[in-house]
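Undergrad: Supplied in structure tokens, the structure appears directly below.
Any read-out appearing in this document is the output of simple, stated calculations on the displayed coordinates, not a laboratory observation. Predicted model only: the values in this text are computed from it and were never measured. Don't worry about glycine lacking a Cβ; one is built from the backbone with ideal geometry, like all the others, and counts go over all protein chains shown.
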Amino acid sequence: MVAPRILSGIKPTGRPHLGNYFGMMRPGIEWQDRGEAFYFIADYHALTTVHDPVAMREHTRSVALDFLACGLDPQKAVLFRQSDVPEVTELAWLLTCLTPMPMLENCHAYKDHVAKGKVPSHGLFAYPVLMAADILLYNSNIVPVGRDQKQHVEVTRDLAEKANRIFGPVFTVPEASIVSEVATVIGLDGQKMSKSYNNTIALFEEEKVLRKKVMSITTDSAPMEAPKDPTTSSIVALFRLCAEPAAVATMEDQFRAGGLGYGEFKKRLFEALWERFATFRTRRAELAADPAYLDNVLAEGAARARAVALPTMDRVRKAMGLR
Ligand code: ADP
Ligand code: TRP
């Protein structure tokens, strides 16, 4: 069997958080040994919200560094910047012409925006089409993402199938891969952890900030002696992601038994998180000290990505009668 092509993207909209790590980065890193993995920093997508060029550049580098620090191996996986292969915007236009408006009107990011009374940009509306172009340009088979992105992969599949019906077999039809046990990482306030909700714990938080954030996790006001429900607690949910199963079982039992306050459990969570990312922290500091290394990784990644993208574009243009 040929190795599958795996592809995913992450927007440089801020520092990656635990949701990004457990939902997308860690599964992506695991995939690098099982196929040809392509990961990119989705700066074109981030332009829907980031309009500060200095922040865009800084976040792009910091997302790439975080990814490398967590174990992405550029010898195995291709790491690149989306805008280094601008042909993706051409493919997005070609797909736009096949995309029914109602399909995009039904997409949740757009719907949520409108529901909040905000005026969406055309970029936000067309966002799923650019994402489809990302996926199809690189002939991807598997797209590891958090659950919130599943709908976008469905749009991609629909567009690929439609194009294949009209123009012949031009696109590979991809599948989403969602890591079910951590499909949604909960944030400090009990909602989904997201940069847009300001409830995140970044992967590489300073010690003091991390402690403060963990201590600020929202809980109910159950007194110390009362039994507590571990199944609805954000503390336990986050602890599960970073502690040994035995420590998790102990915490769950102690929740049910009562007698310990949330403060104690939060302290344990802080320690587990700090420990969990210790080796990655050291690695990140080393990588950050050598900016030329990252430049090289991204330049090489761009070259490898283009080598796949250009033949796809030739094939698609020809099939659509453009050349
Ligand atoms: P954010 O919502 O913070 O802006 P992104 O949209 O940049 O995050 O998400 C990048 C990747 O991380 C996507 O694959 C997304 O599904 C995943 N992801 C983001 N937040 C979470 C979360 N809370 N739980 C699981 N996966 C998440
Ligand atoms: N839309 C994704 C997000 O918000 C990022 C992304 C852009 C992506 N293009 C992609 C993910 C292609 C997977 C495949 O997280």
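Undergrad: Please compute the length gained on full extension between Lys208 and Asp189, using 0.36 nm multiplied by the number of residues separating them and subtracting their Cα-Cα distance.
TA: Result for the pair: 4.9 nm of gain on full extension.
Undergrad: Where does each of 76-83, 120-127 land if you order them by average Cβ count within 10 Å, highest first?
TA: For the peptides 76-83, 120-127, the packing ranking is 76-83, 120-127.
Undergrad: Based on Cβ point charges of +1 for Lys and Arg and -1 for Asp and Glu, what charge dipole magnitude is obtained for the chain about its Cα centre, in debye rounded to the nearest 20?
TA: Roughly 460 debye for the chain.
Undergrad: If R0 is 56 Å, what FRET efficiency do you get for Lys267 and Arg323 from their C-beta distance, rounded to 0.05?
TA: The computed FRET efficiency comes out at 0.30.
Undergrad: As I understand it, the dipole of segment 128-253 uses +1 on the Cβ of Lys and Arg and -1 on the Cβ of Asp and Glu, about the Cα centre. Which of Thr219, Asn141, Gly187 lies farthest toward its positive end?
TA: About the Cα centre, the residue reaching furthest to the positive side is Asn141.
Undergrad: Here is a further query. Can you figure out the FRET efficiency of Glu225 with Thr282, using R₀ = 30 Å and their beta-carbon distance, to the nearest 0.05?
TA: Step by step, r from the Cβ atoms, then E = 0.15.
Undergrad: Another question about this same structure. Between Asp253 and Asp52, take the C-beta separation as r, use R0 = 45 Å, and let me know the FRET efficiency to the nearest 0.05.
TA: FRET efficiency, Asp253 to Asp52: 0.40.
Undergrad: Three principal axis extents, largest first, for the C-alpha atoms of the chain, in Å?
TA: Principal extents (largest minus smallest coordinate, Cα): 74, 45, 44 Å.
Undergrad: Of the options Gly9, Trp93, Val114, report the single residue whose Cα projects farthest towards the positive end of the charge dipole of the chain (beta-carbon charges: Lys, Arg +1; Asp, Glu -1).
TA: Trp93
Undergrad: Rounded to the nearest 10 degrees, what's the angle between the helix 53-69 long axis and the longest principal axis of the chain, both from Cα atoms, 0 to 90?
TA: In the chain, helix 53-69 runs at an angle near 70 degrees to the longest axis.
Undergrad: Further question: Roughly what angle does helix 87-96 make with the longest principal axis of the chain, taking Cα atoms, 0 to 90 degrees, to the nearest 10?
TA: Computed tilt is about 80 degrees.
Undergrad: Using just the helices of the chain, give the 222 nm mean residue ellipticity in deg cm²/dmol: DSSP H runs with n ≥ 4 each add -39,500 (n - 2.57), and the total is spread over all residues, rounded to 500.
TA: -16500 deg cm²/dmol
Undergrad: On to the next question. Once the piece of chain linking Asp112 and Asp295 is laid out straight, how much longer is it, given 0.36 nm per residue of separation minus the C-alpha distance between them?
TA: 62.2 nm
Undergrad: Antiparallel DSSP bridges in the chain: what percent, to the nearest 5?
TA: Among the beta bridges of the chain, antiparallel pairing accounts for roughly 10 percent.
Undergrad: Determine, at each q value in 0.13 (inverse angstroms), the log₁₀ of I(q)/I(0) that the Debye formula gives when each Cα of segment 1-85 is one equal point scatterer.
TA: -0.39
Undergrad: What percent of all Cα-Cα pairs in segment 205-276 falls in each 5 Å bin, counting up from 0?
TA: 3, 18, 30, 26, 15, 7, 1
Undergrad: Now a separate question. Among 49-57, 64-72, how do they line up from the highest to the lowest mean number of other beta-carbon atoms within 10 Å?
TA: Ranking the peptides 49-57, 64-72 by packing returns 64-72, 49-57.
Undergrad: Could you pull out every residue, at least 5 positions away or on a different chain, whose amide H is within less than 5 Å of the one on Lys192? Hs are placed 1.01 Å off N in the peptide plane, and Pro or chain starts have none.
TA: Gly187
Undergrad: Taking the alpha-carbon centroid of each part, what is the distance from segment 30-80 to segment 201-275 in angstrom?
TA: 30 Å
Undergrad: Something else: To the nearest 20 Debye, how big is the dipole of segment 205-276 about its Cα centre, given +1 on the beta carbon of each Lys and Arg and -1 on that of each Asp and Glu?
TA: My answer is approximately 180 debye.
Undergrad: So what's the angle, to the nearest 10 degrees on a 0 to 90 scale, between helix 278-288 and the longest Cα principal axis of the chain?
TA: 40 degrees
Undergrad: Okay, moving on. Amide H to amide H, which residues 5 or more places from Ala176 or on other chains are under 5 Å from it, using H placed in the peptide plane?
TA: Val143
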